[in-house]
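Quick notes on the structure that follows.
The values are calculated or read from the model by the stated rules, or taken from the named source; none is laboratory data. Everything quoted here is computed from the prediction, not taken from an experiment. Cβ sites come from the backbone with ideal geometry, for glycine too, and all protein chains shown count toward neighbours. Protein only, heavy atoms only, side chains kept; ligands, DNA and RNA dropped before computing areas. Shrake-Rupley method; radii C 1.70, N 1.55, O 1.52, S 1.80 Å.
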Amino acid sequence: MISVKNIKKTYTNGDIETHVLKGINLEVKTGEFLAIMGKSGAGKSTLMYQMSILDEPTSGEILIDGVDILSLSIKEKTEFRLNKLGYVFQDYALLPELTAVENIMIPLLMRGLDTDLAKKRAMEALADVGLSHRLNNLPSQLSGGEQQRVSIARAVAQDPIILFADEPTANLDSVSSTHIIDVLREINKRGQTIIMVTHEKEYTHKCNRIIYLEDGLIIREERLRD
C-alpha cells in the first residue's frame with residue numbers, strides 16, 4: 001500500500017538546517033495496522049505527514065497504491081487526499097458550530113455526494129463507533145473520547161484506502177484511550193490500513209507492527225501479529 005524510499009526532511013531557518021528525517025525506508029502492507037513510536041523530536045509526526053501528503057519531503061520517493069505522489073500537482077495531491085486518505089488528529093479538528101453528523105457529512109459533500117447519501121453514510125459511520133445516540137450533538141456537548149470517535153467516523157465514512165491517526169489518544173484519559181484503540185482495531189479487522197503515531201506503548205498492543213524512530217531514523221521494528 002505504501003512504499004517509502006530514502007525519505008529525508010530538512011527544515012531551514014536562515015543559515016540553520018535541521019535534519020528531521022535522515023533517510024527513511026519503509027513498506028506498509030494493505031490491511032496493516034502500523035504504529036510509529038519514538039521520543040519527542042524523533043520524527044514520528046514528520047514521517048506521517050510525508051506519507052499522508054500533508055507535507056513534502058526534501059528528497060526521496062513515496063508510492064501510495066502504486067501512485068508516485070510526489071510527482072502529482074498541487075491540485076492532484078488535494079484530490080488524492082480528499083478521495084483516498086483519511087485523517088484523525090489529536091485535537092479532533094471538528095467544526096464547533098456543526099453537529100456530529102454534519103461534521104462527518106462535510107467532506108462527503110465536498111466529494112460530490114448528494115445530501116441524503118452523505119447523511120446516510122455519516123449515520124452509518126457514527127453507528128460503527130457507537131455514537132448513534134449523539135447524531136445531533138455539538139462538539140461542546142461531547143466528551144473528549146466522543147469527539148475523537150466522531151473524528152474517526154468522519155475519516156472512515158470517506159472509505160479511505162489508508163487511515164492516518166496522529167496521537168489519537170493524546171488528550172484522553174486511559175478509559176477513553178483504550179476505547180479509541182478498540183475502535184481502530186475493529187475498523188482494521190475489516191481490512192482498513194491504519195498508520196498511527198503514538199508515544200504510548202500500552203496503546204500499540206492491537207497493532208500488527210511497531211517501528212521505532214530515533215534521531216530521524218528507524219532503529220528497529222517489532223512485529224506483534226501477522
Subject >> Leading residue by the ranking (surrounded by the fewest Cβ atoms within 10 Å (Cβ to Cβ)) among those in segment 47-73 that are among the polar types (S, T, N, Q) and in contact (Cβ under 8 Å) with a residue 40 or more places away in the chain >> reply: S59
Original post:
Of the residues that make up segment 118-133, is at least one within 20 Å of M48 (Cα to Cα), under 20 Å from the mean Cα position of the chain (by Cα) and of a type outside the set (K, R)?
Top reply: no
Subject >> Output for segment 56-111, where each listed residue is acidic (D, E) and at negative phi >> reply: E56, E61, D68, E76, E79, D91, E97, E102
Original post:
What is the number of the single condition among (1) closer than 23 Å to V4 by Cβ; (2) modelled with pLDDT of 95 or more that E167 does not meet?
Top reply: (2)
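Go through segment 192-207 and report how many residues are open to solvent by 10 Å² or more (accessible area, probe 1.4 Å) and part of a loop (DSSP other than H, G, I, E, B).
Here is the first cut: in segment 192-207, the residues open to solvent by 10 Å² or more (accessible area, probe 1.4 Å) are 192, 199-203, 205-206.
When the remaining residues are screened for being part of a loop (DSSP other than H, G, I, E, B), the result is 192, 199-200, 205-206.
Summing the residues that are open to solvent by 10 Å² or more (accessible area, probe 1.4 Å) and part of a loop (DSSP other than H, G, I, E, B) in segment 192-207 gives 5.
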Original post:
Within the set of pairs 6+ apart or on separate chains, which have a first residue in segment 149-177 that is on the phi > 0 side of the Ramachandran plot, a second that is open to solvent by 10 Å² or more (accessible area, probe 1.4 Å) and part of a strand (DSSP E or B), and C-beta atoms under 9 Å apart?
Top reply: E167/F89
**OP:** Give the residues of segment 55-69 that are touching a Leu at 6+ places or on another chain (Cβ under 9 Å) and not in a strand (DSSP E or B), sorted by residue number.
**Re:** E56, P57, T58, I69
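What do you reckon, is A170 small (G, A, S) and under 20 Å from L108 (Cβ atoms)? Let's see the steps before the verdict.
Working: small (G, A, S): yes; under 20 Å from L108 (Cβ atoms): no.
Against the criterion (small (G, A, S) and under 20 Å from L108 (Cβ atoms)), A170 does not qualify.
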Subject >> Test for L113: is it in contact (Cβ under 8 Å) with a residue 24 or more places away in the chain and farther than 24 Å from I24 by Cβ >> reply: no
Original post:
So K5 clears everything in (1) within 26 Å of T169 (Cα to Cα); (2) touching a strand residue (DSSP E or B) at 6+ places or on another chain (Cβ under 7 Å) except one condition, right? Which one?
Top reply: (1)
